[in-house]
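The values are calculated or read from the model by the stated rules, or taken from the named source; none is laboratory data. Here the structure is a predicted model, which is why all the values come from computation and not from measurement. Cβ atoms come from the backbone with ideal geometry, glycine included; neighbour counts cover every protein chain shown.
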Amino acid sequence: MSERDSKGPTDPKDVGTTGHEWDGIRELDNPLPRWWLYVFYACIVFAIGYWIAMPSWPTPFGYTKGLLHKSDRADVVADLAELHKIRGTEGLLLKSASLQQIEADPKLQAYALAVGQSVFGDNCATCHGSGGIGGKGYANLRDDVWLWGGTLEDIQHTIQVGIRSDNPLARSSIMPSFGKDQILPAAQIDDLTEYVVALSGRKADQAAVQRAAPIFQANCIVCHGPAGMGDQIKGAPNLTDKEWLYGPNREDIRGQIWNGRGGVMPTWEKRLDPETIKALAVYVHANAAGK
């Protein structure tokens with residue numbers, strides 16, 4: 001037997017073709033490598049076995065359960081039960097202790113901070129950032145500047161009911177859309193922008209500030225107060241502290257006066273249990289040097 005016969009054809013002319021040809025280039029009909037075929041057949045066998053053993057096929061009445069009756073939902077329930085078991089004594093104490101008692105007990109506070117950090121990363125970091133510094137339209141939770149108060153109870157209540165959420169007890173404030181709703185003309189909104197810039201201690205057009213003073217008194221003091229110091233009971237921001245939820249630039253301030261934007265924070269009391277909300281409140285309070 002020749003070397004060519006033992007190794008198979010080496011000349012393309014000795015190999016069959018598929019009949020396809022492009023610009024003189026013929027498509028050879030070489031057999032597939034055996035290792036590839038074995039892997040392919042093994043995948044088919046594995047897929048059939050998976051279909052039989054695991055939930056896989058939808059039906060008009062649900063889905064096939066599989067011989068192993070595997071259920072991710074049941075696994076989650078079991079994992080949660082195991083988590084509550086692991087929490088043990090600290091979890092029970094966290095449930096019964098007040099917020100002040102948690103902060104006064106170093107061991108319990110450390111446990112609450114660990115739980116709060118984990119929960120914050122899973123649920124809150126999407127909007128407020130992994131470090132809690134927020135972003136444009138999302139509150140910074142590290143600066144101890146609070147629209148609705150920075151005490152432990154204030155923070156816990158905000159987490160529970162949310163802001164402008166679907167909870168009937170949700171905290172809510174409404175900034176009028178002075179421009180979009182044609183409450184004030186554009187020229188007066190321009191003057192109000194300069195007035196707010198001046199409130200924050202920055203250089204502003206003094207003529208515009210003087211023109212805007214009576215406009216501010218007539219439209220804004222009911223929420224922000226005569227001096228623009230805000231009101232945490234109403235969720236009205238302090239306009240003098242150089243902290244801005246939607247940006248400090250003139251364009252940002254004018255846009256807020258014009259459009260009256262207001263964000264939504266979801267209510268968490270139906271998603272997190274009471275002790276977890278306590279832990280989250282303690283975590284946010286501690287990291288922001290809350291009041």
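Taking helices (runs of 4 or more DSSP H) that fall entirely within the range 41-124, which contain at least 2 residues that are under 29 Å from the mean Cα position of the chain (by Cα), loosely packed, with under 10 Cβ neighbours inside 10 Å and assigned by TED's automatic domain parsing to the domain that holds Thr151?
Ranges flagged: 72-96.
Hey, among Gln156, Gln206, which residue is under 30 Å from Asp273 (Cβ atoms), at pLDDT 95 or above and either surrounded by fewer than 16 Cβ atoms within 10 Å (Cβ to Cβ) or of a type outside the set (Phe, Trp, Tyr) (or both)? Show your work before the answer.
Working: Gln206 fails: under 30 Å from Asp273 (Cβ atoms).
Only one candidate passes the filter, namely Gln156.
Could you tell me whether Lys278 is without any contact (Cβ under 8 Å) to a residue 40 or more places away in the chain, out of contact with any Asp or Glu (no Cβ under 7 Å at 6 or more places or on another chain) and in the same structural domain as Leu152 (by TED's automatic domain parsing)?
no
Matching residues to (1) on the phi < 0 side of the Ramachandran plot; (2) modelled with pLDDT under 95; (3) among the charged types (D, E, K, R):
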{"site": "Arg211", "(1), (2), (3)": "yes, no, yes"}
{"site": "Ile221", "(1), (2), (3)": "yes, no, no"}
{"site": "Lys234", "(1), (2), (3)": "yes, yes, yes"}
{"site": "Lys242", "(1), (2), (3)": "no, yes, yes"}
{"site": "Trp268", "(1), (2), (3)": "yes, no, no"}
{"site": "Asp273", "(1), (2), (3)": "yes, yes, yes"}
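Inspect the range 206-222 for any residue being of a type in the set (A, V, I, L, M) and not in a helix (DSSP H, G or I) and give the result as yes or no.
Within the range 206-222, none of the residues are of a type in the set (A, V, I, L, M) and not in a helix (DSSP H, G or I).
Just to be sure I understand the filter: pairs with C-beta atoms under 9 Å, separated by 6 or more residues or on different chains, first member in the range 15-27 and assigned to a strand (DSSP E or B), second member among the polar types (S, T, N, Q). Which pairs pass?
As it stands, the answer is Arg26/Thr17; Arg26/Thr18; Glu27/Thr17; Glu27/Thr18, since those pairs meet every condition given.
Taking the options Asp143, Asp190, name whichever one is acidic (Asp, Glu), in a helix (DSSP H, G or I) and surrounded by 15 or more Cβ atoms within 10 Å (Cβ to Cβ).
So the residue among Asp143, Asp190 that is acidic (Asp, Glu), in a helix (DSSP H, G or I) and surrounded by 15 or more Cβ atoms within 10 Å (Cβ to Cβ) is Asp190.
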